[in-house]
Amino acid sequence: MRIESICVHGAKDPNNTTGAVAVPIYQSATYAHPGVGASTGYDYARVQNPTREPLERLVAALEGGNEAMAFSSGMAALDAAMGLFDPGDHIIATSDLYGGSVRLFSLLGERFGLKVGYMDTNDQALLRKSLTPKTKAVFVETPSNPMMNITDLRAVRETIGPDVCLVVDNTFLTPVLQRPLSLGADLVIHSGTKYLGGHNDTLSGFIVTNDHEKAEKLRFITKTVGTGLSPFDSFMVIRGLKTLHLRIRRSEENARALAAFLTSHPKVRKVRYPGLKGHPGHDVATRQADGYGAMISFEVDSEETAKAALERVSMILYAESLGGAETLITYPLLQTHAEVPEEARLALGINERLLRLSVGIEHLDDLIADLRQALA
Ligand SMILES: *Cc1c(COP(=O)(O)O)cnc(C)c1O
């Protein structure tokens, strides 16, 4: 099946005797055994659940992977991935990462003994120079958050060789637009809270891999800790995924047009969107992905303009997060990247004039009208 059909038909309940078209919510914490030493395949919901399982198979199929695990949030997925490494291991990460990922790496990871270094992961010479025998993983966001920098994943794989684990956070593009496993990644991570769920109503996270040994370790971690996705939330994400391809295409169409609108706006100084020809990562993005996504960062002429825009938007919502039907505008300085140290933040370009848009599926004319009045 093509990806559009997988979205619609990829989650099937193997226990279905009623003909139910939707995968039911198996709201059961425990499962009765048919005999001593026998199991239906389900024992206890922390370990596995018949609503979560079809969702995991669906997400694995979308990413072109053999195995997927569904977590209670993107951060729970990232935390489980961190559990694959040992104290003393060195991890290299993209410098403008999701703020929560930085917090996880620096607060929990470093206390656990991981050494995390941040850099431009698209600078292959720098990356090569930074590899040590202790480097066990490279963690990439492409496009990055919020600067929309592009990392050439095939180039990273070539630079780091086959033994360093390449982890890609594919939240921004989704498998509809980018399939990192086919570009050399070992693990693909998602905040399913964003496009996969797609309606700003459910937290979830995923890890997809073709590496059975890593999958087993990850399953051991989630079954031990209990960070697997709940039956109800699994149902919500299955439901959201049915329209993933429609939503992401429509959001992207709107984003391309809004990027053009913003580029010509007199109060906008700079627009960061990989779909624009002048974006430094445009060619790589064109080569490795089937689209540029629907996230736009832009810098306005002053802090006053930025703050006024946040207060004046009417249909567009001033809220953090992304990837839902609703268009959201975010102020990275005070929201997603508030905890990044000032010096590092400014070096990345996250200043008081930077705004970020998660473009939704509304009518383009309404979006342009709202932005026009908000920036007036
Ligand atoms: C939101 C987000 C996360 C964290 O996911 P949660 O579901 O909020 O825990 C991780 N990475 C990226 C790129 C995100 O946007």
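Residue-wise test of (1) under 30 Å from residue 168 (Cβ atoms); (2) assigned by TED's automatic domain parsing to the domain that holds residue 322; (3) assigned to a helix (DSSP H, G or I); (4) aromatic (Phe, Trp, Tyr).
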{"position": "7", "(1), (2), (3), (4)": "yes, no, yes, no"}
{"position": "11", "(1), (2), (3), (4)": "yes, no, no, no"}
{"position": "16", "(1), (2), (3), (4)": "no, no, no, no"}
{"position": "20", "(1), (2), (3), (4)": "no, no, no, no"}
{"position": "25", "(1), (2), (3), (4)": "no, no, no, no"}
{"position": "36", "(1), (2), (3), (4)": "no, no, no, no"}
{"position": "41", "(1), (2), (3), (4)": "no, no, no, no"}
{"position": "54", "(1), (2), (3), (4)": "yes, no, yes, no"}
{"position": "62", "(1), (2), (3), (4)": "yes, no, yes, no"}
Would you mind stating whether residue 159 is assigned by TED's automatic domain parsing to the domain that holds residue 78 and surrounded by 23 or more Cβ atoms within 10 Å (Cβ to Cβ)?
no
Picking from 247, 239, 219, the residue that is at pLDDT 95 or above, part of a helix (DSSP H, G or I) and over 30 Å from residue 275 (Cβ atoms) would be 219
Restricting to segment 187-207, and then to whatever is more than 10 Å from the ligand (Cβ to nearest atom) and in a strand (DSSP E or B), can you tell me which residue is surrounded by the fewest Cβ atoms within 10 Å (Cβ to Cβ)?
187
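If a residue must be closer than 19 Å to residue 135 by Cα and either part of a loop (DSSP other than H, G, I, E, B) or within 13 Å of the ligand (Cβ to nearest atom) (or both), how many such residues does segment 161-186 contain?
Of the residues in segment 161-186, 10 are closer than 19 Å to residue 135 by Cα and either part of a loop (DSSP other than H, G, I, E, B) or within 13 Å of the ligand (Cβ to nearest atom) (or both).
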Those residues of segment 285-309 which are within 16 Å of residue 141 (Cβ to Cβ) and in a helix (DSSP H, G or I) amount to 285, 288
Take residue 126 and tell me if it is at pLDDT 95 or above, in the same structural domain as residue 164 (by TED's automatic domain parsing) and in contact with a Ser or Thr (Cβ under 9 Å, 6 or more places away or on another chain).
no
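Select, from 266, 274, the only residue that is surrounded by 15 or more Cβ atoms within 10 Å (Cβ to Cβ), at pLDDT 95 or above and assigned to a loop (DSSP other than H, G, I, E, B). First the steps, then the outcome.
On the way: 266 fails: surrounded by 15 or more Cβ atoms within 10 Å (Cβ to Cβ).
That would be 274, the only listed residue that is surrounded by 15 or more Cβ atoms within 10 Å (Cβ to Cβ), at pLDDT 95 or above and assigned to a loop (DSSP other than H, G, I, E, B).
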In the set 47, 59, 36, the lone residue that is more than 16 Å from the ligand (Cβ to nearest atom), β-branched (Val, Ile, Thr) and under 20 Å from residue 222 (Cβ atoms) is 47
Exactly one of (1) within 22 Å of residue 354 (Cα to Cα); (2) out of contact with any strand residue (DSSP E or B) (no Cβ under 6 Å at 6 or more places or on another chain); (3) modelled with pLDDT under 95 is unmet by residue 110. Its number?
(1)
Within segment 321-344, does at least one residue satisfy the condition of being touching a strand residue (DSSP E or B) at 6+ places or on another chain (Cβ under 7 Å) and either under 20 Å from residue 151 (Cα atoms) or in a helix (DSSP H, G or I) (or both)?
no
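The values are calculated or read from the model by the stated rules, or taken from the named source; none is laboratory data. Computed from a predicted model, the values in this text were never measured in an experiment. So basically every Cβ, Gly included, is an ideal-geometry build from the backbone, and we count neighbours across all protein chains shown.
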